[in-house]
1. Would you call Met60 more than 18 Å from Gln166 (Cα to Cα), surrounded by 15 or more Cβ atoms within 10 Å (Cβ to Cβ) and touching a strand residue (DSSP E or B) at 6+ places or on another chain (Cβ under 9 Å)?
2. Only one residue in Leu89, Leu48, Leu97, Leu72 is closer than 18 Å to Asn179 by Cα and at pLDDT below 95, so which one is that?
3. Take the residues in the stretch 49-60 that are in a strand (DSSP E or B) and of a type outside the set (A, V, I, L, M), then tell me which one is nearest to His101 (Cα to Cα).
4. Residue under question is Gly68, and the condition is that it be free of Cβ contacts under 8 Å to residues at least 24 places away in the same chain and either within 22 Å of Lys172 (Cβ to Cβ) or of a type outside the set (D, E, K, R) (or both); does it hold?
5. So is Gly38 modelled with pLDDT of 95 or more, under 28 Å from Thr182 (Cβ atoms), out of contact with any Asp or Glu (no Cβ under 6 Å at 6 or more places or on another chain) and not charged (D, E, K, R) or not?
6. For the stretch 4-19, indicate whether the set of residues that are touching a residue at least 12 places away in the same chain (Cβ under 8 Å), surrounded by 19 or more Cβ atoms within 10 Å (Cβ to Cβ) and touching a His at 6+ places or on another chain (Cβ under 7 Å) is non-empty.
7. When you scan the stretch 172-195, how many residues do you find that are basic (Lys, Arg) and not in a helix (DSSP H, G or I)?
8. Restricting attention to the stretch 102-148, which residues are within 22 Å of Tyr188 (Cβ to Cβ), surrounded by fewer than 15 Cβ atoms within 10 Å (Cβ to Cβ) and either free of Cβ contacts under 8 Å to residues at least 12 places away in the same chain or in contact with a strand residue (DSSP E or B) (Cβ under 7 Å, 6 or more places away or on another chain) (or both)?
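The values are calculated or read from the model by the stated rules, or taken from the named source; none is laboratory data. This one's a predicted model, so the numbers in the text were calculated from it and none came from an experiment. Heads up, the Cβs are rebuilt from the backbone with ideal geometry, glycines too, and the neighbour counts pull from every protein chain shown.
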Amino acid sequence: MFTGLAEGLGRIKSIRRLQDHMQVSVSPLFEMRNCRLGDSVSVSGACLTVSKMEGDTLYMDVSGETLGRTTLGLLNQGEFVNLERALRLSDRLGGHLVLGHVDGMGKILKKEAHNTSWALKIEIEEALSRYIIEKGSIAVDGISLTVNACENGVFEVNIIPHTGTQTTLLKKNVGDPVNVETDLIGKYVEKLLFTQKSERENGKSSGVSLETLLKYGFGPSRIRN
């Protein structure tokens, strides 16, 4: 699990494309102390496992599932990636809970400067839109960001100067793909409500439901207020 606060950048040293997976080596551009074999590292939002180390270079395998859902399969030698080691229980949670399990790829529709910050508008699959709310959290290429606005298939985030200089986000251009991971809390809430609804329809449950939440004031009007 990660916070979505990148520790720094890494540069892709080598890529070995195999039949159904890929092996990649990354050279961190900052000191990664105490990194060990088997450690989890977020590489632009995708959780990978360190399988080999040579000096400061980390070697990791990328499964076919990850290649199908993320931008890692589009990487080239020499490109930069965002790196973050796994969260320790003693750490401050400065961003939000990020699993490193990318939901899918988005595409940058707009990149616009606003004084010292930048606004990025990103297109995603409409199926992911239900997990995104205004002022909620989202991870883009592994970076924890706040959603400024959202509608079906599109959301907008703001990139402050520090994030822009310490990550790859402002190196991206309009049309470039990015990795998107939505907030895991929304997924669990949806699963809980769906399961409860199915069980009630079968006469097996009387637990929490959408109707119960609405009854006690946790509806859209309550949220807007």
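1. Numbers: more than 18 Å from Gln166 (Cα to Cα): yes; surrounded by 15 or more Cβ atoms within 10 Å (Cβ to Cβ): yes; touching a strand residue (DSSP E or B) at 6+ places or on another chain (Cβ under 9 Å): yes.
Judged against the criteria, Met60 is a match.
2. Going through Leu89, Leu48, Leu97, Leu72 in turn, the sole match is Leu97.
3. Taking the stretch 49-60 first, the residues in a strand (DSSP E or B) are 49-54, 57-60.
From the residues that got through so far, the ones that are of a type outside the set (A, V, I, L, M) too are 49, 51-52, 54, 57, 59.
On the way: Thr49: 13, Ser51: 18, Lys52: 21, Glu54: 26, Thr57: 23, Tyr59: 19 Å.
Looking at residues that are in a strand (DSSP E or B) and of a type outside the set (A, V, I, L, M), I get Thr49.
4. Numbers: free of Cβ contacts under 8 Å to residues at least 24 places away in the same chain: yes; either within 22 Å of Lys172 (Cβ to Cβ) or of a type outside the set (D, E, K, R) (or both): yes.
For Gly68, the condition - free of Cβ contacts under 8 Å to residues at least 24 places away in the same chain and either within 22 Å of Lys172 (Cβ to Cβ) or of a type outside the set (D, E, K, R) (or both) - is met.
5. On the way: modelled with pLDDT of 95 or more: yes; under 28 Å from Thr182 (Cβ atoms): yes; out of contact with any Asp or Glu (no Cβ under 6 Å at 6 or more places or on another chain): yes; not charged (D, E, K, R): yes.
Against the criterion (modelled with pLDDT of 95 or more, under 28 Å from Thr182 (Cβ atoms), out of contact with any Asp or Glu (no Cβ under 6 Å at 6 or more places or on another chain) and not charged (D, E, K, R)), Gly38 qualifies.
6. Scanning the stretch 4-19 turns up at least one residue that is touching a residue at least 12 places away in the same chain (Cβ under 8 Å), surrounded by 19 or more Cβ atoms within 10 Å (Cβ to Cβ) and touching a His at 6+ places or on another chain (Cβ under 7 Å).
7. First, the residues of the stretch 172-195 that are basic (Lys, Arg): 172, 187, 191.
So of that shortlist, the ones also not in a helix (DSSP H, G or I) come out as 172.
So the answer is 1.
8. Glu125, Ala127, Glu134, Lys135, Thr146
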